[in-house]
Amino acid sequence: MPKGKHSLELYKVGYRVNDAYATDLDLGSPSQLTKAQAAQFKTANSGAPPSHVSVKVGKDGVLNQEFNLRENDVCLLILKKH
C-alpha cells in the first residue's frame with residue numbers, strides 16, 4: 001500500500017449492526033409496521049458505515065489496525081488515499 005494518510009470506512013453487517021432480525025424482535029415482531037416503527041427500522045438498518053477514520057500507512061506499506069468482530073459479522077473495508 002502507498003505510504004501516507006488514508007481514510008478507512010468500515011461497513012458492517014452482524015449482531016445489532018444493520019441487523020434487521022434484531023430490530024424486528026426489538027419492535028415486538030409486529031405483523032404491520034407503523035410509520036414510526038418503519039422509520040426506526042430504516043434508521044437502524046441504513047447500511048451506513050459505523051466507522052470512518054483516518055489512518056496512516058508507514059514507509060513499509062503496512063497498515064496495522066484492529067477490529068472487533070463477532071462470530072457471524074461480515075465486513076467491507078474501503079481504504080482511500082488522501
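Readers should treat all values here as calculations from the given coordinates under stated rules, not as data from a laboratory. All figures in this text were calculated on a predicted structure; none of them were measured in a lab. Glycine gets a Cβ as well: all are built from the backbone with ideal geometry, and neighbour counts include every protein chain shown.
Net charge of the neighbourhood of Ser7, taken over other residues with C-beta under 14 Å away and scored Lys/Arg +1, Asp/Glu -1, is +3. What you get for the chain, charging only the Cβ of Lys and Arg (+1) and of Asp and Glu (-1), is a dipole of about 540 debye around the Cα centre. When all alpha carbon pairs of the chain are counted in 10 Å bins from zero, the resulting P(r) reads 16, 36, 25, 14, 7, 1 %. For the range 59-71, 3J(HN,Hα) computed residue by residue from phi via the Karplus equation (6.51, -1.76, 1.60; θ = phi - 60°) reads 4, 6, x, 10, 10, 9, 9, 9, 10, 8, 10, 9, 3 Hz, glycine and proline entered as x. Total Lys pairs in the chain closer than 16 Å by alpha-carbon, pairs eight or more apart in sequence or interchain only? Eligible lysine pairs with Cα atoms under 16 Å apart amount to 12. Calculated [222 nm] ellipticity per residue, helices only, for the chain: -5500 deg cm²/dmol; basis is -39500 (n - 2.57) per DSSP H run with n ≥ 4, divided by all residues, nearest 500.
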